[in-house]
Amino acid sequence: MKPIVAVVGRPNVGKSTLVNRIAQSQDAIVHESRGVTRDRSYHDADWNGREFTLIDTGGIEPLKSDDVFAASIRDQALAGAEEADAILFVVDGSVGVTEEDETVARLLKRVKKPTFLLVNKLDNPEREQERLWEFYSLGVGDPIPISATHGHGTGDLLDELIQVLPEETDDEDPFPEALGVAIIGRPNAGKSSLFNRIIGAERSIVSDVAGTTRDAIDTIVERNGRAYRLVDTAGIRKKSTVYENVEYYSMVRGLRAIDRADVALLVIDSSVGVTEQDQKVANLAIERGCALVVLLNKWDLLPDDRAREHVLETIDRRLTMAPWAEYLRISALTGRSVEKIWAYIDGADDRRAQKIPTARLNQFLTELREFGHTVVDGKRRLRMHYVTQTGVKPPTFTFFVNHPDLVNDTYARYLENRLREKFDLKGTPVRLRFRSKSADKAGE
C-alpha cells in the first residue's frame, strides 16, 4: 500500500495547483472562485522512486461560514487528513495569516500527523523570508516558502516529505486474481447484515486478509472455483478524534473500497428509497469504472404494491446516472434472493471485461449512419469514420471523427444508448472517446 499525503488548507490557497505540480498532471480542478474542490480526489505521485498517493481536499471553512457546503468540505478535508501518513498544510503568503488558517491549524494539531506548513504564492524567492515570520504563530512547525505555480521550493519539500513517509507495504497477495466486490450505500441500509449473510452462507471462506483500507478487512470467498474479495466497510462506526460525522466517515471508507473494487453492490433501504447519499456513492463507483449492481434490501418489509412502486420510482428518478444497472430485490435479514447476487456480480463483471470485435462495432456504425442523426454547426457536420474498442474494465470505445469538438453531451448520450441497445453492456459503465482521424498522423 502506498503512503498517503493529504493537502489541506482554507479555500483558494493553491492546493489543487500544488497537487497538479507534484503529481505532474492537470487532474485537479483549478479555478479562482472559492471552494471549487468540493470532494477529495486521489492522485498518484512519485519522487526519486518513492511512490505515494496525494489526496486533494476541499478547503476547510469555519463552521460559521455562510457556504452551505462548508461543513461537508470541512469533514472531507479532515477525513483526508486522518487517513494520511503526512499532511501538507497550505497557506497563502500573499495574504498573511487569516482566521481560517488559525482554525485549520487548531484542527490539524489534534490529528497528530507529520505536518508541513507551506507558504504558497511566494513567487519572488528573494523576498520570501520577510513574509514567513508571521506564519510561525500557527504553531505547526517551520513555514516553508513555495510557489506551486512556478515550482519554487517544491523539490526541497518533496525531499523532506519522503523522509517522513512510512515504507510502502508490499505484502504478497495470496489471491491476486480475486474479484474485488465493494458493498456500498448509506449507513443503516443493511450493508453489515448483507455482508454477514453472504459470508455466513458460505462455508468455503478461504481467509480474512488485511485490507488496504484502514480499519477494514478483506474477506476472500471462493465459489465454484472463483475467488471474490469482499471489502467490508459497512461496520465501521469509529468516532473520529476530530469530528463525529459518522455518515461522512463511512462515505470516506466506502470511497477507499470503491478504488479497489471491480463490482460495487449498492445497497438501498427499500423502506426509504434512493437517497441523495445513494446517488453520490453510485456516482463515485461509476467515475472509478466499477460495474454496479443495485440491491433493494428490506423488500419484504414493504407493506403493499403502492410502497413497492414508490421505491422503483425513486430508482428511475434518482439513479438516472446508471439506468443500465440491474437491480435485485433482497432481504439480508431473511436471506431472500441473496444467493442470486453472485450471478449478478459475475454477469456485470463479464460485461465490464468484454471485448467487442472491431468489425461488429463498425457494422454498428454503418447502421447508425443510416439514421442520419448527427451534429451540425453552421457549415460543419459531424462525420464518424470508424470506431474501435480501446479498453476494458470498463469498456472504452474510441470514435474517429472529422470534428471531435462537435460532439456534445447529448450526442454522446445518444451514442451510448445506441451502443447499449446493440451490445449487452448491462451493469457496466462505458467510456466514449472522440478523436480526429488525423490525430495519429499529427502525433496528438
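The values are calculated or read from the model by the stated rules, or taken from the named source; none is laboratory data. Note that the structure is predicted; figures quoted are calculated from it, not measured. All Cβ positions, glycine included, derive from the backbone under ideal geometry; neighbour counts span all protein chains shown. Accessible surface areas use protein heavy atoms only, side chains included; no ligands, DNA or RNA. Shrake-Rupley method; radii C 1.70, N 1.55, O 1.52, S 1.80 Å.
Of the numbered conditions (1) at pLDDT below 90; (2) over 15 Å from residue 195 (Cβ atoms); (3) of a type in the set (A, V, I, L, M, F, W, C), residue 294 satisfies every one except a single condition; which is it?
With respect to (1) at pLDDT below 90; (2) over 15 Å from residue 195 (Cβ atoms); (3) of a type in the set (A, V, I, L, M, F, W, C), residue 294 is out only on (1).
Of 391, 335, which residue is touching a residue at least 40 places away in the same chain (Cβ under 8 Å) and over 23 Å from residue 284 (Cα atoms)?
Just a single option satisfies the conditions, and that option is 335.
Would you tally the residues in the stretch 60-92 being buried (at least 24 other Cβ atoms within 10 Å of the Cβ) and either modelled with pLDDT of 90 or more or over 19 Å from the mean Cα position of the chain (by Cα) (or both)?
Of the residues in the stretch 60-92, 6 are buried (at least 24 other Cβ atoms within 10 Å of the Cβ) and either modelled with pLDDT of 90 or more or over 19 Å from the mean Cα position of the chain (by Cα) (or both).
Residue under question is residue 18, and the condition is that it be over 18 Å from the mean Cα position of the chain (by Cα), at pLDDT 75 or above and within 16 Å of residue 116 (Cβ to Cβ); does it hold?
So residue 18 fits the description; yes.
So that you can scan it fast, the table gives a plain yes or no per residue for (1) on the phi < 0 side of the Ramachandran plot; (2) crowded, with 16+ Cβ neighbours inside 10 Å; (3) in contact with a helix residue (DSSP H, G or I) (Cβ under 9 Å, 6 or more places away or on another chain):
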residue: 351; (1), (2), (3): yes, yes, no
residue: 356; (1), (2), (3): yes, yes, yes
residue: 364; (1), (2), (3): yes, yes, yes
residue: 377; (1), (2), (3): yes, no, yes
residue: 381; (1), (2), (3): yes, no, yes
residue: 390; (1), (2), (3): yes, no, no
residue: 412; (1), (2), (3): yes, no, no
residue: 417; (1), (2), (3): yes, no, no
residue: 420; (1), (2), (3): yes, no, no
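Looking at (1) under 21 Å from residue 156 (Cα atoms); (2) at pLDDT below 85; (3) under 30 Å from the mean Cα position of the chain (by Cα), can you tell me which one residue 130 breaks?
Among (1) under 21 Å from residue 156 (Cα atoms); (2) at pLDDT below 85; (3) under 30 Å from the mean Cα position of the chain (by Cα), the lone unmet condition for residue 130 is (3).
Keeping to the stretch 90-115, report how many residues are in contact with a Phe, Trp or Tyr (Cβ under 7 Å, 6 or more places away or on another chain), hydrophobic (A, V, I, L, M, F, W, C) and either within 21 Å of residue 155 (Cα to Cα) or part of a strand (DSSP E or B) (or both).
1
Counting only residues that are assigned to a helix (DSSP H, G or I) and open to solvent by less than 10 Å² (accessible area, probe 1.4 Å), how many does the stretch 275-292 have?
Selection size over the stretch 275-292: 4.
Output the qualifying pairs, or none if there are none: Cβ atoms under 7 angstrom, residues six or more apart or on different chains, first residue in the stretch 264-283 and farther than 25 Å from residue 346 by Cβ, second residue among the aliphatic types (A, V, I, L, M) and in a helix (DSSP H, G or I).
271/301; 273/311
Does residue 426 count as modelled with pLDDT of 95 or more and open to solvent by 80 Å² or more (accessible area, probe 1.4 Å)?
yes
Give the residue that is modelled with the lowest pLDDT, with candidates limited to residues of the stretch 183-227 that are within 17 Å of residue 330 (Cβ to Cβ) and among the hydroxyl-bearing types (Ser, Thr, Tyr).
192
Which ones in the stretch 314-336 are assigned to a loop (DSSP other than H, G, I, E, B) and of a type outside the set (A, V, I, L, M)?
Passing the criteria: 320, 323, 324, 331, 334, 335, 336.
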